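Asker: Please find one structure pasted underneath; my questions will follow.
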Amino acid sequence: MKWRIVLMLAVVAAATGCRGAADRFQFDPQRLVPHDRRTRAWELAAEPKVYGRDNLWEYLDGQAPTYLDYGMATCIHAEYRHKYQPDRKLILDLFDMGDAEGAFGLLSAGRRREAETLQIGSLGYWQDGRACWMRDRVFAQVIVPDAGLASFATASYMALLADKAIDLPPTLPPALEALPQQDRIAGTESFVARDMLGHDFLGAGWMADYEYRAGLEYRVFWVPCADAAQAQQRLEALRRFGAQNGRVFDIQAGVGRTASLIISNYTGRLFVVADSQDLAGTVDCLDEQLAVQKVNALLERARTLRTDGRL
């Protein structure tokens, strides 16, 4: 009997420890804004400012709605000035996005293909004088307006210091695993918080670009829905839009799956499938068989993620 009690206590302790690791993370300037001997030349211009959903516009103005769409709860904004060159400044922004999905969505929203990958946090890149990265539910960026190797080094080091203080695991959204890996173009994966493919009725979803022969490319998209009825409603809305702006064809895509091919000047060549509570498809894939293959692979992955309780 004693070993059972000991085992139960060990399990409880392990579970409490897991919760404690998450609870220990405090999203506040005292913990997250770096102070380090190698950055002594950079001094805080003022006390870091903390913004919430109600006043984020005071800092980001017209960009605030995008951050809020991805679920931003809190932002820490810190500005540094160089002690010996006052005209040089550096900005550190840390955003608590609520979950890894929102953090990844914001990270992917501003990324271009030419961005340089940074090995930091869960995922990061350097682009246009910004070191951007995410770690679990946190999206962060270090901005250095002046270009140059020295600025890149400073921004990278400051980012590493800030990331080290984020006591969260380097996780990525499990939903990313639904996007097939073969022929996927690295860095094109994205999560869209609203208006997928430019349609407000599609809501939020995932997408990535893929390579095709002769240098051609196409896009794969996935819209997780609340239930099968919503998936079917969104498919019908797409079909109506397609019929008004082009032509719609019924396609065979597997047992129990409703599929359509929509061709119009607005949508391009849009292949879309409704399966259970998922809507998925391709944009401008000229090989119909390949489109069916890619979408079916995505739907199977999404089903597995749900069965495993990861979605």
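Asker: To the nearest 20 Debye, how big is the dipole of segment 55-99 about its Cα centre, given +1 on the beta carbon of each Lys and Arg and -1 on that of each Asp and Glu?
Answerer: 400
Asker: What 222 nm value per residue comes from the helices of the chain, counting each DSSP H run with n ≥ 4 as -39,500 (n - 2.57) and dividing by all residues, nearest 500 deg cm²/dmol?
Answerer: After summing the helix terms and dividing by the residues of the chain, the value is -10500 deg cm²/dmol.
Asker: Against the longest alpha carbon principal axis of the chain, how many degrees, from 0 to 90 and to the nearest 10, is the axis of helix 2-24 turned?
Answerer: 80
Asker: Pull out the extension gain between residue 300 and residue 195, defined as 0.36 nm times the separation in residues minus the alpha carbon to alpha carbon distance; nm, one decimal.
Answerer: Computed gain between residue 300 and residue 195 is 35.4 nm.
Asker: Mind giving me the FRET efficiency for residue 217 and residue 171? R0 is 35 Å, r the Cβ-Cβ distance, nearest 0.05 is fine.
Answerer: 0.75
Asker: Please identify which residues in segment 170-197 have an amide N closer than 19 Å to a label point set 7 Å out from the Cα of residue 245, following the Cα→Cβ vector.
Answerer: Counting backbone N atoms under 19 Å from the label point, the list is 192-197.
Asker: Right, here's the next one. Run the reach check for residue 89 against aspartates and glutamates, Cα to Cα strictly under 16 Å, same-chain hits fewer than 8 apart removed. What comes back?
Answerer: 43, 47, 79, 128, 146
Asker: Follow-up. Please name whichever of 45, 258, 145 sits farthest to the positive end of the charge dipole of the chain, dipole taken about the Cα centre and charges placed at Cβ: Lys and Arg +1, Asp and Glu -1.
Answerer: Farthest towards the positive end: 45.
Asker: Further question: Relative to the compact globular guide of 2.2 N^0.38 Å, what is the alpha carbon radius of gyration of segment 25-165, as a ratio?
Answerer: Relative to the rule-of-thumb radius for its length, segment 25-165 sits at 0.98.
Asker: Sticking with this structure for a sec: Relative to the longest principal axis of the chain, what angle (0 to 90°, nearest 10) does the C-alpha long axis of helix 288-307 take?
Answerer: The angle comes out near 60 degrees.
Asker: Which whole-Hz ³J(HN,Hα) couplings does segment 74-89 yield from phi under the Karplus relation 6.51 cos²θ - 1.76 cosθ + 1.60, θ = phi - 60°, glycine and proline marked x?
Answerer: 8, 10, 10, 10, 10, 10, 10, 10, 6, 4, 9, 9, x, 6, 8, 9
Asker: Here's a follow-up. List the residues of segment 220-255 whose backbone N lies under 11 Å from a point placed 7 Å from the Cα of residue 266 along the Cα-to-Cβ direction.
Answerer: Within reach of a label on residue 266: 238-246.
Asker: Please get the size of the charge dipole for segment 25-165, origin at its Cα centre, with Cβ charges of +1 on Lys and Arg and -1 on Asp and Glu, quoted in debye to the nearest 20.
Answerer: 540
Asker: Can you tell me how much longer the chain between residue 307 and residue 183 gets when fully stretched, taken as 0.36 nm per residue apart minus their C-alpha distance, in nm with one decimal?
Answerer: Extra length available between residue 307 and residue 183 comes to 42.0 nm.
Asker: I need the peptides 123-129, 57-63 ranked by packing, meaning the mean over residues of other C-beta atoms within 10 angstrom, with the highest value on top.
Answerer: 123-129, 57-63
Asker: Oh, and also: Long-range amide H contacts for residue 251: which residues qualify at under 5 Å (H placed 1.01 Å from N, peptide plane, sequence gap of 5 or more or a different chain)?
Answerer: 259, 260, 261
Asker: What angle do you read, to the nearest 10 degrees and between 0 and 90, between the alpha-carbon axis of helix 228-245 and the longest principal axis of the chain?
Answerer: Result, in degrees: 70.
Asker: What order, most packed first, do the peptides 93-99, 269-275 have when packing is the mean number of other Cβ atoms within 10 Å of each residue?
Answerer: Values: 93-99: 21.4, 269-275: 24.4.
Descending packing order for the listed peptides: 269-275, 93-99.
Asker: A further question follows. Return P(r) of the chain (all Cα-Cα pairs; 20 Å bins starting at 0; whole %; ordered from short to long distances).
Answerer: Answer for the chain: a P(r) of 29, 48, 22, 1 percent.
Asker: Would you please state the base-10 log of I(q)/I(0) at q = 0.09 1/Å for segment 151-262, with intensities from the Debye formula using one equal scatterer on every alpha carbon?
Answerer: -0.39
Asker: Over segment 212-265, what relative contact order in percent results from Cα pairs under 8 Å that are six or more residues apart?
Answerer: RCO, segment 212-265: 25 percent.
Quick note: the coordinates plus some simple rules give every number you see, no bench work behind them. What you see is a predicted model; the values in this text were computed from it and never measured. Here Cβ is always computed from backbone atoms with ideal geometry, including for glycine, and neighbour counts include all displayed protein chains.
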